[in-house]
Amino acid sequence: MKVYPVSKREDNKKIDFLQDSDSKLDLNHFFRDRHLHVDGYEEDMNGCLLLYTRSSKPHGVCPYCQAISRKVHSRYMRRLQDLPAFGQNVFLCFHARKFFCHNRECRYKTFAEQPGNEVFRYRRRTRRCEVLVYRQGLQLSSINSSCILGNMGVRISKSTILRDLHRLSVPQCADVRKIGVDDWAFRKGIDYGTIIIDLSRGLPVDLLGTRSEEDFSKWLSDHRDVWLVSRDRSTEYSHAIAASGLEVTEVADRFHLIKNIGECITDTVSDKYYEVARALRGSGNKEERVADKCGRRKESYVNEVKFNEVKRLQKEGKGISETASLLGIARQTVRKYRGLESFPVPKGKPRHDYHLHRKYVEEQYARGVSLDKIRLDLWSMGFKVSKTPFHDHFRYLADGHRGYRSTKDKADMERAFDESTKEEKTVALPPVNQLAVMINKSALGKELTDYECEVTNALFGVEWFDQLLEAAGSFLKCLRSNKPVRLERWLDKYEKSILPRISTFVRGIRMDMKAVKNAMIYHVSNGITEGFVNKLKTIKRVMYGKAKLPLLKIKMVMTTWIFN
């Protein structure tokens, strides 16, 4: 095997791998700033490229006391893995020297040289190879990183990658002044942590194992330069800021405010879905009028409407989660409805058969017999019913209004609605979430499609719909105006709204009034924090959910430090 020299060295007699000096290839520019000198290279039996290097300095520096020494104790060869080149694995055969340390105060008598920043103590890879391993380990799981690095020519086990990552120390950013804070889930609905972002630099600073008031308050006490905190509407962080005793400006995130008013719209539409169905299907809808006249419960009718919507979406190929999201109902309910052929009749209290005795009661009442006397007569005939429900059912005989009618009296119901007018033009009933999106678009002044215009026009004139649309639109205008005075007027106007969801939303704003006003004054967004939360979720999935807090913190914080 032939060795190709690169340049001459001072003591050629001590090197036995240089054989001729015909080659003009110069590899030293690859290590120009590394204090390394390449003496030669060769290809071994496995096809790996070996670069024979030595230190370019005539002396060594003690890594323990920083003393300079020129007295050589001995020499030995180190084999370091470097980045692959030209499709071949590259190894540095570093001819290292050991020096005597002449500093009497140093407890070490000898030391090995570590030239430049490419060769480290106790390591088997060069610096740039280490950086590649760190980058892969921070971005991927240790298993995937080991496979990718192996395909690139850097053979390393998953355990070694994890040890290298745990060897990193997260820097302490003591000069943070503006932060964004949000929670993230270890296990959704069970364990939660806190992520803290430096808003000035757009980088993650720290991860906390909980979202409790005590932990975040302690973190603020250790970082007293923080003067602004952007957060969501969570009360834990607000209480922690108050408990820290620092003068911190709290800013509520505008995105979460808009999201809260959107949730308010969705909940209101869900509560009023019965009236939405009435407005869109026409006031002359026979099925609905029958339900009203028969005393049928509105909740039951709403559930039947949602049942029909579930079956329609099932025929269209929609999944359980998508259907639940569109209709605003639980996935368990969707799964139950999908397995049924017809709407399940709600189980209620057994009703008395008033329709069997209706004709007798009307005849006796027309002759002047009181309802109480008629009830006693029926009681003696075996129809045992209490006084109050009997009088409530037949009160229409006294005041001229229809009372409760049994659904079993179908012939009477058909007769009652024979005079009904022809059906009015109806509009397709949209799901709850879709209707909420339409109201949001209307409030924001966005352009609506023809179907959306048809739906909103059919609902115009309904009292709750008009107030909901006006309340949402005026609140969004308040946020855009950046004038807290307009917000005060809006709160005073809708504090006693006819819509309970709006009143609850107003009370929540008043409880967090200072932070909401700051959201209108300061142009600060918590969007970058939400982005890093999504990145953290991705890292958790890549790690199969097995990464503990220290490793997650390293993967989140150290990525930008390694790259920069």
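The values are calculated or read from the model by the stated rules, or taken from the named source; none is laboratory data. For clarity, every value in this text was computed on a predicted model and none was experimentally measured. Note: ideal-geometry Cβ built from the backbone for every residue, glycine included; neighbour counts use all protein chains shown. All accessible areas refer to the heavy atoms of the entire protein, side chains included, with ligands and DNA or RNA removed. Shrake-Rupley method; radii C 1.70, N 1.55, O 1.52, S 1.80 Å.
Considering only C-alpha atoms, what is the centroid distance from region 356-392 to region 34-49, in Å? Region 356-392 and region 34-49 have Cα centres separated by 111 Å. Using R0 = 35 Å, the C-beta based FRET efficiency linking Arg167 and Ala242 works out to 0.35.
Here the Kirkwood formula puts the hydrodynamic radius of region 58-152 at 15.3 Å, using every distinct Cα pair.
Based on the Cβ-Cβ distance of Asp372 and Lys496, what FRET efficiency does E = 1/(1 + (r/R0)^6) give at R0 = 41 Å, to the nearest 0.05? All intermediate terms of the calculation are to be shown ahead of the outcome.
Details: r = 43 Å, r/R0 = 1.06.
Given R0 = 41 Å and the Cβ-Cβ separation, E is 0.40.
Accessible surface of region 54-178, 1.4 Å probe: 50 percent of it comes from carbon and sulfur atoms. With K and R counted +1 and D and E -1, the other residues having a Cβ less than 12 Å from that of Asp232 yield a net charge of -2. Provide, for q = 0.12, 0.16, 0.19 Å⁻¹, the log10 of I(q)/I(0) from a solvent-free Debye sum over equal Cα point scatterers in region 67-219. So the normalised log intensities work out to -0.79, -1.00, -1.13.
Translational diffusion of region 450-564 was estimated from the Stokes-Einstein equation, with Rh taken as the Kirkwood radius over Cα pairs; at 4 °C and 1.567 mPa s the coefficient is 71 µm²/s. Over the C-alpha atoms of region 202-259, the Rg to Rh ratio, Rh being the Kirkwood estimate, stands at 0.95.
Between Gln434 and Ser157, what length in nm is gained on full extension when 0.36 nm per residue of separation is reduced by their alpha carbon distance? Don't skip to the end; give the middle numbers.
Numbers: separation 277, 0.36 × 277 = 99.72 nm, distance 5.07 nm.
Taking 0.36 nm per residue and subtracting the Cα distance, the gain is 94.7 nm.
Amide H to amide H, with H built 1.01 Å from N, Val205 comes under 5 Å of Ile196, Ile197, Asp198, counting only residues 5 or more places away or on other chains. Expressed as a whole percent, the accessible surface of region 475-564 that belongs to carbon and sulfur atoms is 56, based on a 1.4 Å probe.
The H on the amide N of Gln114, modeled in the peptide plane, is under 5 Å from the matching H of Val61, each at least 5 residues off or on a different chain.
State the extension gain, in nm to one decimal, for the chain segment bounded by Arg201 and Ala85, taking 0.36 nm per residue of separation less the distance between their alpha-carbons.
38.2 nm
Here the Karplus curve 6.51 cos²θ - 1.76 cosθ + 1.60, taken at θ = phi - 60°, turns the phi angles of region 359-366 into couplings of 4, 5, 5, 5, 5, 5, 5, 5 Hz, with x standing for Gly and Pro. Expressed to the nearest 5 percent, the antiparallel share of DSSP beta bridges inside region 36-182 is 75 percent. With a simple spin-label model that places each label point 7 Å from the Cα along the Cα-to-Cβ direction, the separation between Asp225 and Lys387 comes to 8.2 nm.
Label separation (Asp215 vs Leu444): 3.4 nm, computed from points 7 Å beyond Cα along the C-beta direction. Starting from the Cα of Ser525, step 7 Å toward the Cβ, then list every residue of region 226-267 with an amide N under 16 Å from that point. Flagged as within label range: 230-232, 252-259.
What region 92-216 shows is 51 Å² of accessible area per residue, with the surface traced by a 1.4 Å probe over protein heavy atoms.
Suppose every K and R has +1 on its Cβ and every D and E has -1 on its Cβ; what is the size of the dipole of region 139-272 about the Cα centre, in Debye to the nearest 20?
For region 139-272, the charge dipole is close to 700 debye.
Give the separation of the Cα centroids, region 501-564 to region 117-189, in Å. Between the Cα centres of region 501-564 and region 117-189 lies a distance of 23 Å. The residues of region 453-554 have, on average, 53 Å² of accessible surface per residue, using a 1.4 Å probe with all protein chains present.
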